[in-house]
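The structure appears below as C-alpha cells.
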C-alpha cells in the first residue's frame with residue numbers, strides 16, 4: 001500500500017485527512033502547512049484542525065520539527081492566542097529546536113495583532129542576540145503593533161531603511177492607515193515615496209483613498225488633487241459617494257471648476273443619480289473665480305440634468321450678491337446678456353438676483369428687478385414673491401404684502417410654507433396682528449403643520465402685548481411637541 005494510506009474524510013468544508021498509523025512526520029507537516037496557508041476557514045477553525053492533527057502526531061509519539069512548531073505558531077498567532085504562542089516558543093527551545101526568523105515573525109504577528117509594543121521589542125532584541133536576520137516581514141508586524149503611534153512607526157521605518165531592508169507596498173499602506181488628519185502631510189509624503197520607488201500603488205487603491213480622505217479633512221488641495229488624478233484619472237479606480245462629496249467641497253473652496261466637474265462626472269459614471277448637492281460646489285467654485293456667468297449656467301445644467309434648482313442650491317450665490325450692490329447689478333446685466341444671446345434665463349437665476357436685492361434691504365431695486373421678469377422671458381414663481389416679502393419684512397413696508405398676495409392669485413401661484421411664515425411675520429410687525437391667526441388657520445386647513453417659527457413669532461407678539469391668547473398658543477406648541 002505504501003507509506004501513506006489515506007482514510008479520507010477531507011472535503012471542501014475543511015475536515016482533514018487521516019493517515020495510517022505508520023504515516024511519516026513529513027506527511028503530517030505537509031497537511032499542517034496546507035492548513036495554515038489556507039484562508040478559506042476562520043483562524044479559530046484552522047487552529048482546531050491543526051490541534052487535531054497534532055493530537056494524532058502525539059498519539060504516534062512523533063517528535064516535532066521546525067515545520068511543526070512553525071505551523072503551530074502560525075495557527076496560534078492568527079487566532080490571537082498569545083499565551084500558547086509564548087508556550088510553543090518555550091517548548092520548542094526546550095526540545096532543542098532553534099526558532100528561525102520565520103518563527104519569530106509568526107510570534108511578532110501575534111503580538112502585533114494585540115498592539116503589544118513592549119513584547120515585540122523584546123522579541124526583536126532576542127532575534128538580534130541570536131543573530132537572526134530581521135526582514136521586511138518582521139518590520140511589517142512591528143509596524144502593525146505601532147499603528148496607534150505614528151511617530152514610533154516612522155522611527156521603525158527609518159531603522160528598516162538603515163538596515164538596507166526596502167519597505168514593501170504593504171508597509172507603506174500600513175503606515176498611511178496609521179496616520180490621522182493632523183498627520184495628513186506625513187501620509188502624503190509616504191504615498192509619494194512609494195510612487196517614487198516605483199511600487200505598484202494602483203494595486204493597493206486604499207492607499208490613494210486613505211490619503212485623499214485625510215486631505216479632504218484638512219482641506220489640503222494639492223494632496224486631494226494629486227490623489228484624485230492618480231486614483232481616478234490615471235488608474236480608473238472607483239471612489240465612493242462620500243469621498244466624492246468631500247472632494248467636491250475642497251474643489252469648491254479652491255475654485256477648481258475642472259476638478260468639481262470631474263467629480264460630478266465620476267458620480268454619474270458610478271451610477272449615482274444626479275442630486276442638487278452635487279452641483280452646488282461647482283457653482284461655488286465659479287464664484288471663487290468671480291465667474292458669475294458660469295455660476296448662472298450651472299443652474300441651466302442642473303435643470304437639463306433633471307435636477308430643478310431650489311433656493312437652497314443658490315445660497316452661496318445669493319450670499320455673494322447681497323454683500324455688494326455693484327455685484328447685484330453685475331448679476332442682473334448677465335441675465336440681460338443671456339437674453340441677448342437668445343439663451344433662456346433660468347427662473348432660479350432671476351430669483352437669486354431679486355432675493356439678493358431683498359437681502360440688501362433695497363426695496364426699490366427688488367421691485368424694479370421683479371418688474372423686468374417679462375423682458376427677461378422669465379415667469380415668476382413662488383420663490384420670486386417670497387423674496388419680495390423678504391424685503392417687505394426687512395424694510396418694514398406696510399400693506400405691500402397684500403399686493404404681493406393679489407399678484408400671486410392673478411398668476412395662479414400657490415403660497416408655500418415659506419410664504420405663510422413671512423406673512424405671519426409681517427402681520428406680527430403691525431399693531432393689528434389678527435391676520436396672523438388667519439394665516440395660521442389657513443395652513444392647518446390645507447393640512448400643513450405650521451412650523452415652530454410661526455408659533456414663536458406669534459407667541460412673542462402676544463407676550464409683548466399681554467394678549468391672553470398667549471397661553472393658548474403655548475398649549476398648541478406643546479401639543480405639536482415644539
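The values are calculated or read from the model by the stated rules, or taken from the named source; none is laboratory data. Only a predicted model underlies this, so the values are computations on that prediction, with no experimental measurement involved. Because the Cβ atoms are built from the backbone with ideal geometry, glycine has one as well, and the counts that use them run over all protein chains shown.
Side notes on the structure shown:
- For the stretch 286-314, residues that are within 26 Å of residue 394 (Cα to Cα) and surrounded by fewer than 15 Cβ atoms within 10 Å (Cβ to Cβ) total 2.
- Note on the stretch 389-482: enclosed helices (runs of 4 or more DSSP H) holding 2 or more residues that are within 20 Å of residue 354 (Cα to Cα) are 400-410, 417-428.
- For residue 377: the one exception among (1) surrounded by 17 or more Cβ atoms within 10 Å (Cβ to Cβ); (2) on the phi > 0 side of the Ramachandran plot: (1)
Okay, residues lined up against (1) assigned by TED's automatic domain parsing to the domain that holds residue 315; (2) closer than 23 Å to residue 180 by Cβ; (3) under 18 Å from the mean Cα position of the chain (by Cα); (4) at pLDDT 95 or above:
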site: 194; (1), (2), (3), (4): no, yes, no, yes
site: 205; (1), (2), (3), (4): no, yes, yes, no
site: 210; (1), (2), (3), (4): no, yes, yes, yes
site: 220; (1), (2), (3), (4): no, yes, yes, yes
site: 227; (1), (2), (3), (4): no, yes, yes, yes
site: 238; (1), (2), (3), (4): no, no, yes, no
site: 246; (1), (2), (3), (4): no, yes, yes, yes
site: 249; (1), (2), (3), (4): no, yes, yes, yes
site: 260; (1), (2), (3), (4): no, no, yes, yes
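- In this structure, residue 8 qualifies as loosely packed, with under 14 Cβ neighbours inside 10 Å and at pLDDT below 85.
- In the stretch 349-368, the residues that are in the same structural domain as residue 303 (by TED's automatic domain parsing) form Cβ pairs under 6 Å with partners that are buried (at least 19 other Cβ atoms within 10 Å of the Cβ) and in a loop (DSSP other than H, G, I, E, B), at six or more places apart or across chains, as follows: 350/378; 352/314.
- Test: residue in the stretch 267-280 that is at pLDDT 95 or above, over 15 Å from the mean Cα position of the chain (by Cα) and surrounded by 19 or more Cβ atoms within 10 Å (Cβ to Cβ): yes
Table: residues versus (1) touching a helix residue (DSSP H, G or I) at 6+ places or on another chain (Cβ under 9 Å); (2) within 23 Å of residue 404 (Cβ to Cβ).
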{"position": "435", "(1), (2)": "yes, yes"}
{"position": "441", "(1), (2)": "no, yes"}
{"position": "459", "(1), (2)": "yes, no"}
{"position": "463", "(1), (2)": "yes, no"}
{"position": "466", "(1), (2)": "no, no"}
{"position": "481", "(1), (2)": "no, no"}
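- Comparison of 26, 17, 68 shows that the only residue that is at pLDDT 90 or above and surrounded by 15 or more Cβ atoms within 10 Å (Cβ to Cβ) is 68.
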